[in-house]
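The values are calculated or read from the model by the stated rules, or taken from the named source; none is laboratory data. Just so you know, these numbers come straight off a predicted model, no measurement behind them. Note that we place each Cβ from the backbone using ideal geometry, even for glycine, and neighbour counts take in every protein chain shown. Note: accessible area is taken over every heavy atom of the protein model, side chains too, but ligands, DNA and RNA are not part of it. Shrake-Rupley method; radii C 1.70, N 1.55, O 1.52, S 1.80 Å.
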Amino acid sequence: MLALALATVSSASAAGKLEIFSWWSGDEGPALDALVKLYKQKYPSVTVDNATVSGGAGTNAKAVLKTRMLGGTPPDSFQAHAGQELIGTWVVANRMEDLSSLFKSEGWAKAFPADVISLVSSKGGIWSVPVNVHRSNVMWYNPAKLKAWGVTAPKTWAEFLTTCSTLKAKGVAAPLVVGENWTQQHLWENVMVGSLGAQGWQNLWSGKTKFTDPKVVAAFTTFGKVMDCANKDASGLSWQQASDRIVDGTSAFNIMGDWAAGYFTTTKKLAPNTGFGWTTAPGTSGTFVMLADAFGLPKGAKDRTEAINWLRVLGSKQGQDTFNPLKGSIAARLDSDLSKYNTYSKSAAADWKKNKIVGSMTHGAVAPESFTSAFGAVIDQFVASKNAQGAAAAAQQLANKAGIGK
Ligand code: GAL
């Protein structure tokens, strides 16, 4: 009877379909699955095709998306990072629908912080709906292991290097664990923010400071020394496999976004503070390096009505408080119910309110995709050669090409 009543209510979208596209597969999937379940409760007659292309940070998914967008078969709605990643690629190419009227009808202008709305806006339009806020500048560790080794979490990159030597002397071969290329970019951005400060980091993306500035070159050199503390098999490790090495005590530290908190709690069932510990990445206390996952509506979506309803669900308070406690992120909305979140997320939410906020490059907030994807090669070359001047010059060339500071 109830099923019948619901079916009648949603008869407008009877036998509807919805294809959403993201990189949240496998053990990155539970938060999205919960959101899809909520959508299905609201729109029971719609069949959801939850299409995923696995690979952390969307490196693989973005390539598949490009083929589909250019081939004229876009998914109905797809994941993209809030900020320059979507704007610099699909908005400038005129492939996205302006969601301003949806923001208006849902009252989202007041529900989201103004800075978050401005991150997803350009040229008078609003181009995606943020489902969360993740933090990039977190250093994860295993509390029991640090105690056993007799070290504490370092507060600056200089201290980090000293702690690294101490741990090596105690037989820890790789005090730091890193994974494949994008996780090294992620580490690089944290060394930069920790060395240049929040304002110095922002100056790179406004073009005020060149990558060839001596301070930036020096930070590259620091990054090289930090990489000397890391495992030698980095390129073959996913971010989850890198996180596992904190859990099993192989390495002392990992710099990763707080999807790692989602992995530790949701997948590994570990408790914050005992199963895993965290602090801000060295030199970044008082700064919150943010990124947000968002979904947009491509022009030509086959199931446009269903896609708009999907955006409604993920932008709602209920949607965000269903998704984020499992994901490790906090809600992008201002009215989130923090009692649903664990101790880690509560600490992130408190910092989000009081810290200086800057955007992540690796995860699409401050730089266009053309910079971020090409920067991978700069990191690879630098890690092999440790030539800081050369890497800084190559990065500046990419910045010029991507129009950064123009
Ligand atoms: C980020 C994304 C996160 C998480 C992470 C690892 O780019 O914003 O939600 O999925 O990649 O894949």
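Before moving on, here are some points about what is shown:
- Between GLY179, GLY200, the distinction of being in a helix (DSSP H, G or I) and closer than 25 Å to ASN387 by Cβ belongs to GLY200 only.
- Odd one out for PRO75 among (1) closer than 26 Å to PHE371 by Cα; (2) under 19 Å from the mean Cα position of the chain (by Cα): (2)
- Taking the range 378-406 as the range and being assigned to a helix (DSSP H, G or I) and touching a residue at least 40 places away in the same chain (Cβ under 8 Å) as the test, the residues that pass are ILE379, ASP380, PHE382, VAL383, ALA388, GLN389, ALA391, ALA392, ALA393, ALA395, GLN396, ALA399.
- Output for the range 14-25, where each listed residue is more than 19 Å from PRO325 (Cα to Cα) and either within 16 Å of the ligand (Cβ to nearest atom) or buried (at least 16 other Cβ atoms within 10 Å of the Cβ) (or both): GLY16, LEU18, GLU19, ILE20, PHE21
- Among the residues making up the range 211-259, those that are surrounded by fewer than 17 Cβ atoms within 10 Å (Cβ to Cβ) and among the basic types (Lys, Arg) are LYS215, LYS225, LYS232.
- Residue check for ALA393: within 14 Å of the ligand (Cβ to nearest atom) and within 30 Å of SER206 (Cβ to Cβ): no
- The condition of being assigned to a helix (DSSP H, G or I), modelled with pLDDT of 95 or more and under 23 Å from the mean Cα position of the chain (by Cα) holds for only one of LYS66, LYS110, LYS104, LYS40, that being LYS66.
For every residue, the table says whether it meets (1) of a type outside the set (Gly, Ala, Ser); (2) in the same structural domain as LYS208 (by TED's automatic domain parsing).
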position: THR305; (1), (2): yes, no
position: VAL313; (1), (2): yes, no
position: LEU326; (1), (2): yes, no
position: SER336; (1), (2): no, no
position: PHE375; (1), (2): yes, yes
position: PHE382; (1), (2): yes, yes
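- Residue check, ALA80 over 18 Å from GLY319 (Cβ atoms) and of a type outside the set (Ser, Thr, Tyr): no
- One residue from ALA388, ALA377 being hydrophobic (A, V, I, L, M, F, W, C), farther than 14 Å from GLN84 by Cα and open to solvent by 50 Å² or more (accessible area, probe 1.4 Å): ALA377
- Residues that are within 16 Å of the ligand (Cβ to nearest atom) and not polar (S, T, N, Q) were ranked within the range 67-86; the one that is farthest from TRP24 (Cα to Cα) is GLY83.
- Members of the range 88-101 that are away from the ligand (no atom under 16 Å from the Cβ) and not in a strand (DSSP E or B): TRP90, VAL91, VAL92, ALA93, ASN94, ARG95, GLU97, ASP98, LEU99, SER100, SER101
- Residue check for LEU70: in the same structural domain as LYS302 (by TED's automatic domain parsing) and either of a type outside the set (A, V, I, L, M, F, W, C) or touching a residue at least 12 places away in the same chain (Cβ under 8 Å) (or both): no
- In the range 22-36, the residues that are closer than 16 Å to PRO130 by Cα form Cβ pairs under 6 Å with partners that are among the charged types (D, E, K, R) and open to solvent by less than 50 Å² (accessible area, probe 1.4 Å), at six or more places apart or across chains, as follows: ALA31/LYS327.
- Single match in LEU187, LEU161, LEU176 (criterion: within 16 Å of the ligand (Cβ to nearest atom) and modelled with pLDDT of 95 or more): LEU187
- Qualifying residue in the range 170-190 (condition: of a type in the set (Lys, Arg) and closer than 21 Å to VAL289 by Cα): no
- If you go through the range 125-145 and keep only what is open to solvent by 10 Å² or more (accessible area, probe 1.4 Å), more than 30 Å from ILE87 (Cβ to Cβ) and outside any loop (DSSP other than H, G, I, E, B), you end up with TYR141, PRO143, ALA144, LYS145.
- Taken over the range 26-50, the criterion of being open to solvent by less than 30 Å² (accessible area, probe 1.4 Å), away from the ligand (no atom under 15 Å from the Cβ) and touching a strand residue (DSSP E or B) at 6+ places or on another chain (Cβ under 7 Å) is satisfied by VAL36, TYR39, VAL46, VAL48.
- Which numbered condition PHE375 misses (of (1) assigned to a helix (DSSP H, G or I); (2) touching a Gly at 6+ places or on another chain (Cβ under 6 Å); (3) hydrophobic (A, V, I, L, M, F, W, C)): (2)
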